[in-house]
1. Only Cα pairs under 8 Å and at least 6 apart count here; give the relative contact order of the chain as a rounded whole percent.
2. Tell me the relative contact order for segment 296-392 as a rounded percent, counting alpha carbon contacts under 8 Å between residues six or more apart.
3. Output the Kirkwood hydrodynamic radius of the chain, Cα pairs only, in Å rounded to one decimal.
4. How far, in degrees from 0 to 90, does helix 237-246 lean away from the longest principal axis of the Cα atoms of the chain, to the nearest 10?
5. Between VAL185 and LEU237, what's the calculated FRET efficiency when r is the beta-carbon distance and R0 is 35 Å? Round to 0.05.
6. Would you work out what percent of the accessible area of the chain, with all protein chains in place, is carbon or sulfur (probe 1.4 Å)?
7. Once you keep just the Cα pairs under 8 angstrom separated by 6 or more residues, what percentage relative contact order results for segment 108-160?
8. Would you mind estimating how fast segment 232-388 diffuses translationally, via Stokes-Einstein at 10 °C and 1.306 mPa s with the Kirkwood radius over Cα pairs, in µm²/s?
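The values are calculated or read from the model by the stated rules, or taken from the named source; none is laboratory data. Predicted model, so just to flag it, every value in this text is computed and none were measured. All Cβ positions, glycine included, derive from the backbone under ideal geometry; neighbour counts span all protein chains shown. With ligands, DNA and RNA removed, areas are computed over all heavy atoms of the protein, side chains included. Shrake-Rupley method; radii C 1.70, N 1.55, O 1.52, S 1.80 Å.
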Amino acid sequence: MHDAQHSHPAGTTGTTGTAGQHGPLAGFTVGVTAARRADELGALLQRRGAAVLHAPALRIVPLADDGELLAATKEIVGHVPDVVVATTAIGFRGWIEAADGWGLGERLVDRLREVELLARGPKVKGAIRAAGLTEEWSPSSESMAEVLERLLDEGVQGRRVAVQLHGEPLPGFVEALREAGADVVGVPVYRWMPPEDIGPVDRLIDATIGRGLDALTFTSAPAAASLLSRAELRGQLPELLAALHHDVVPACVGPVTALPLQAHGIDTVQPERFRLGPLVQLLCAELPGRARTLPVAGHRVEIRGQAVLVDGDLRPVPPAGMSLLRCLARRPGWVVARSELLAALPGAGRDEHAVETAMARLRTALGAPKLIQTVVKRGYRLALDPAADAKYADG
């Protein structure tokens, strides 16, 4: 997957499609801000028909270069904690690998055999066992809240608890342990930094503001915070927030990830299980559910983000054409003046001839010229079926 470039899945690049061959996300474009596991998320989206625009909003500092992790590892080897909480598989594996690189690997694993080792979920359990260790306990919910509840029930007064920090803030987790009397040691397994090349992020922000995206996905709170701060630096934060409020669906893998967006008043959609698969399934329900379906000239027309389904056939439409179609669909069956259509065209200027050119391309793309009628000297209208006219008569 290329950074900040559209990746077109099979079945969305041609001018026609066969009903049922395209996925539930065909005709939609989804932005991916992830640095970690971006290829996996992109592949899941593309398999369901989406076009993907990827721009990692962060990069991860390699573990072996991080002095903070080395200091925390030495502290644990020298002064064994009572409890160690492992939160991510990639982080736990990386920690052991980094310790090996520093010549501390065996001593660290030996120390971890002496502690109460808690794993947040099955993937972390796998990483723990791969290191030749056994976890004491793991919650069925994969929830840090349940891990916290267990620790507080056990009592942590005077106990030393090491927590593997995984790049995202754990709201209240460390604070609650400290309030209950624990001595908490943070193990920062990797650190987030701004991307070295900011260009893809800027293009992703522009695409969001320009409604070239239908959804924007976030898999970590730092990525969300990074995107918002970059937009603010460019003077585009109000426009970005407006797009996420009204037209572009902000989809977060879980409530922690959503916090920076919520701080700006943005409501997000989140799956019940905080995983990439459920996040994609959520978009498969959410985006088609927002598409407009109309009976036009004997055809069933479903207006998706960047394409149209005509009787189930997928018809990719250029951005200018989508702008015209959305403008016509706001008042189905009503005549829309050329001047209003011109205003809807991105960067068209004042020449109404641009409307005729874009309209001709739109009709070609739709493959059914009679869907849009020309009303001489007045403008254009969607040829809404007579039975549906009454429904939309009040505009």
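1. Rounded, it is 16 percent for the chain.
2. Worked out over segment 296-392, it gives 31 percent.
3. Computed over the chain, the radius equals 23.7 Å.
4. Once rounded, the angle reads 70 degrees.
5. For R0 = 35 Å, the calculated efficiency reads 0.45.
6. Solvent-exposed carbon and sulfur of the chain make up 50 percent of the total.
7. Once normalised by length, the contact order is 33 percent.
8. In µm²/s, the coefficient is 90.
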